[in-house]
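Trainee: Starting off with a structure, shown below.
Derivation of every value follows stated rules applied to the coordinates shown; laboratory data play no part. A quick note: this is a predicted structure, and the numbers were derived from the prediction, not measured. FYI the Cβ positions are ideal-geometry reconstructions off the backbone, even for glycines, and counts take in every protein chain you see.
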Amino acid sequence: MKTVKPFILFILSISILNLNNGYAALPDVTEMIDKAPAARKPRQIVSSKGLLSPEKSRDIMERLKQTVEPTDILQRFNVVMESVTESPLTKGNKVTLLIDGPATYSAMFEAIRNARDHINLETFILEDDEIGRKFTDLLLQKQAEGVQVNIIYDSVGSLKTPESFFKRLRDKGIQVVEFNPVNPMKARFEWFLIHPDHRKILIIDGKVAIIGGINISKVYSGRFSGRKKVKGAPLPWRDTDIQIEGPAVTEAQKLFLDTWRKQKGPELAGHSYLPEQKEYGKALVRMVGSTPGESNRITFIVYVAAITFAENSIHLTNAYFIPDDQILDAFTDAARRGVDVKIILPSSSDSSLGLNAARFNYSKLLKAGVKIYERRNALLHAKTAVIDGVWSTVGSTNLDYWSLLSDDEVNAVVLSREFALEMERMFARDLAQSDRIQWDKWEKRPLWQKIKEAFAHLFSRWM
């Protein structure tokens, strides 16, 4: 959701100077891929009981390989990931696909009601609306029952939410942290407005995690958003989350706790934030978090490497698609080597400038053989991909510069044939409700449309 972008652009003159600092460049992923095999041998897979032996880890990967067509994405991708992140590949996870707001909120409310020790919530937008109040009323109820509730909300994303909303929570014992406050009286100016927390993580008792693209806002709660209209009818928001149970939840919890510490939140004591895990399913999951200021933008590397290693199919859905040249080249190279590359993008958006900036790249992709579709009758907000029928990702990361360079983001990478089949079915349903962009018609689009795209592209670095 990019409803706060006009505010950010308005004060861009203040923050733009900071974009020249050390983390304003994306890493060279090709160089990382070339160096990765010699940089470090792949670590073993982590189970609920700890590190598996190299032999057991290898057997698990071999069995997974046998379920799909030959692909490099299982072995070579993991080698690259092991060279750039400390987050391990975990086994024994149950991953449940949550399509759109009602399903996600239902899962969230059920998980919260079942909480016995603590609830950790990290979100970009927490609105003072009917969903925000329903959500926080339940959190207050659990706090009163002795369950410790801890919340991190982004200052920019929740700019419209009044301070009284959060004061009510604090007064009742909920610990609330405002991520990088924009209020000059509270702000840490070195991060001023160029480092939002775009993650969406809900963790219950350290054993259940829900992550994805959905904020806490009524726009996701039902069929219509009420914010954007097409031919007089409000549009629904289309988004995706997942619920994870198993060892991967520990890695999601570590991301939350690290952010809490960096934001100087109150001490978290007296609760079991890193409990012993059990295994609930068969999915291999790696939690991937990115933070500006670190040497590598991990979610960016995830996408470039996965696209680079794809051999059969790439089916991607993304809300704000303004990629850098490395991602564009990875897509075009994949299409030219015969990979079935299909990308679903919005036909309507809450950011018209972003929509036109995305369309600026269509010509290069279409000429290379990439198939582009625009989702009808919805505000597409999902950030998902499924590759070669076995590799999937769901999370908060948009393929735009702001997300890749300046945001805290989180994605789950899931290695599972069964989960990939669910992702493919979801993709097929979205595809059936999308219009394909045909090159012969696209190249004849009106001049005014081309001018709008070129103008928007000038600002792509700040979207």
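Trainee: Around residue 168, under 13 Å between beta carbons, what's the net of Lys plus Arg minus Asp minus Glu among the other residues? Provide the component values of the computation, followed by the final result.
Mentor: Details: positive: 133, 167, 170, 172; negative: 128, 137, 163, 171.
Counting the neighbours of residue 168, the net charge comes to 0.
Trainee: Which residue, chosen from 369, 381, 349, occupies the Cα position most advanced towards the positive end of the dipole of segment 313-385, where the dipole is computed from +1 (Lys, Arg) and -1 (Asp, Glu) charges on Cβ about the Cα centre?
Mentor: 369
Trainee: Charges only on Cβ, +1 for Lys and Arg, -1 for Asp and Glu: so what's the dipole of the chain about the Cα centre, in debye to the nearest 20? Could you put the intermediate results ahead of the total?
Mentor: Details: 64 positive and 57 negative charges, 189 e Å.
Dipole about the Cα centre, nearest 20: 900 debye.
Trainee: In units of 2.2 N^0.38 Å, what is the alpha-carbon radius of gyration of segment 284-425?
Mentor: Numbers: Rg = 14.2 Å, N = 142, 2.2 N^0.38 = 14.5 Å.
That ratio works out to 0.98.
Trainee: Can you tell which of 104, 166, 150 lies farthest toward the positive end of the dipole of segment 86-190, using +1 and -1 charges on the Cβ of basic and acidic side chains (Lys, Arg; Asp, Glu)?
Mentor: So the residue furthest toward the plus end is 150.
Trainee: Sticking to Cα atoms, compute the Rg of the chain to one decimal and its Dmax as the biggest Cα-Cα distance, whole number, in Å.
Mentor: 21.2, 65
Trainee: Based on alpha-carbon positions alone, could you give the equivalent ellipsoid semi-axes of segment 29-78 from the gyration tensor, as √(5λ), descending, whole Å?
Mentor: Details: eigenvalues 90, 56, 12 Å².
Value: 21, 17, 8 Å, ordered largest first.
Trainee: Sorted by mean Cβ packing within 10 Å, highest first, what order do the peptides 177-183, 405-411 take?
Mentor: Numbers: 177-183: 19.0, 405-411: 25.7.
For the peptides 177-183, 405-411, the packing ranking is 405-411, 177-183.
Trainee: A further question follows. Distance between Cα centroids, segment 380-401 to segment 158-172: provide it in whole Å.
Mentor: If we compute the Cα centre of each part, the gap is 32 Å.
Trainee: For segment 350-421, what number results from the quotient of the Cα radius of gyration and 2.2 N^0.38 Å?
Mentor: Values: Rg = 14.2 Å, N = 72, 2.2 N^0.38 = 11.2 Å.
After normalising by residue count via 2.2 N^0.38 Å, the value is 1.27.
Trainee: A follow-up question, please. Summing -39500 (n - 2.57) over the DSSP H runs of n ≥ 4 in the chain and dividing by its residue number, what mean residue ellipticity at 222 nm do you reach, to the nearest 500 deg cm²/dmol?
Mentor: Details: 16 runs with 166 residues, N = 463.
So the calculated ellipticity at 222 nm is -10500 deg cm²/dmol.
Trainee: Just to confirm a number: summing +1 for Lys and Arg and -1 for Asp and Glu over residues other than residue 358 whose beta-carbon lies under 10 angstrom from that of residue 358, what do you get?
Mentor: Working: positive: 359; negative: 374, 400, 453.
So the surrounding residues net to -2.
Trainee: In percent, what relative contact order does segment 324-430 have, based on Cα pairs under 8 Å that are 6 or more apart in sequence? Mind dumping the intermediate values first?
Mentor: Working: 130 pairs, mean separation 25.0, N = 107.
Here the relative contact order equals 23 percent.
Trainee: If I model a spin label at residue 51 and residue 268 as a point 7 Å from the Cα along the Cα→Cβ vector, what separation in nanometres do I get?
Mentor: Each label point is offset 7 Å from its Cα along the Cβ direction, giving 2.5 nm.
Trainee: For the chain, what relative contact order do you get, as a whole percent, if you take Cα pairs closer than 8 Å and at least 6 residues apart? Display every interim value, and only then the final one.
Mentor: Details: 975 pairs, mean separation 89.0, N = 463.
Relative contact order for the chain comes out at 19 percent.
Trainee: Would you work out the Kirkwood radius for segment 70-133? I mean one over the mean of 1/r across all pairs of different Cα atoms, in Å.
Mentor: Details: mean 1/r = 0.0633 Å⁻¹.
Hydrodynamic radius (Kirkwood, Cα pairs) of segment 70-133 is 15.8 Å.
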